[in-house]
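Written below as structure tokens is the structure these notes are about.
The values are calculated or read from the model by the stated rules, or taken from the named source; none is laboratory data. Since we're looking at a predicted model, the values are computed, not measured. Cβ placement follows ideal geometry from the backbone for every residue including glycine, while neighbour counts extend to all protein chains displayed.
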Amino acid sequence: MTTFSTKYFECNHCKQRMFHYELSSYHVHNSEAYSDGYIDYNPPVSFNPHVIFCRHCKKPIWYEDIDFIDFESYDEIERNDAVKSCDIFDLPMTRESNYNYNIAAYYSGLIDEGFVDTDGKEIKLRFEIWHLLNNLNSFGAAGWFTHFIHARFRIAFKMLKGWKQRRNEVHDSDKLFRKNLKRLCEIYQPANEEEKLLQAEMFREMRNFNTANKLMVEINDLNSTNAYRKINRAIKLRKSRVIKLN
Ligand SMILES: [Zn+2]
């Protein structure tokens, strides 16, 4: 069962009233977990949790910075006046076959323009970029399925057709992948052993197997977990691609 709760807010750029559906899902039928921390839920639980867009001015808004307004403080006219906020899938670039790359490049541009003002936000957005590019590089199929399940059939089939063409974009994608992950390695501060495992994974995917190995030794307590064993084995084999854990 999936439920929506409606939350109201005003765009911090143009002050227009909007509402946002907050999605919560009680039942996840199955999920696939990957070594980079990405979890592919079926059905999808939420997209793009950090950035939403103003319907009027189309500018990005950091979700956690929004001051939501009490439902009661708006009268009926004001509520009717509000329009639905946009998410990344409302932007034209996500209708193209290489949408994983397009979104990653867009987020990277936002970081370069100073959209994120703390390391914490930058880390969250760089995780999104990491996962988007890992999806593109290794799985490809996650994107069209997301559209398919939301009944965006035209987009889904168009994306499937563009699959082959995407191989040509691997070069740009790899470049952005390395640039993003290099910076993430620099600023990421693990708070516990699980996060340190994620840090080891970052270094593994950067093909810095020595550093990855050192981190794994420090968190040897986790060696009974599936994720630890799979990542550790990949480090020993000097493999750098993202791994499906379950
Ligand atoms: Zn606006």
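Every listed requirement among (1) in contact with a helix residue (DSSP H, G or I) (Cβ under 7 Å, 6 or more places away or on another chain); (2) more than 20 Å from H13 (Cβ to Cβ) is met by M93 save one, (2).
In the range 119-141, is there at least one residue being over 16 Å from the mean Cα position of the chain (by Cα) and at pLDDT 85 or above? There is at least one residue in the range 119-141 that is over 16 Å from the mean Cα position of the chain (by Cα) and at pLDDT 85 or above.
This table checks each residue for (1) among the hydrophobic types (A, V, I, L, M, F, W, C); (2) surrounded by fewer than 12 Cβ atoms within 10 Å (Cβ to Cβ); (3) within 14 Å of F19 (Cβ to Cβ).
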| position | (1), (2), (3) |
| --- | --- |
| R55 | no, no, yes |
| D65 | no, yes, no |
| D70 | no, yes, yes |
| C86 | yes, no, yes |
| P92 | no, yes, no |
| R95 | no, no, no |
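Taken over the range 194-210, the criterion of being of a type outside the set (A, V, I, L, M), over 20 Å from E122 (Cβ atoms) and surrounded by 16 or more Cβ atoms within 10 Å (Cβ to Cβ) is satisfied by R204, N208, F209.
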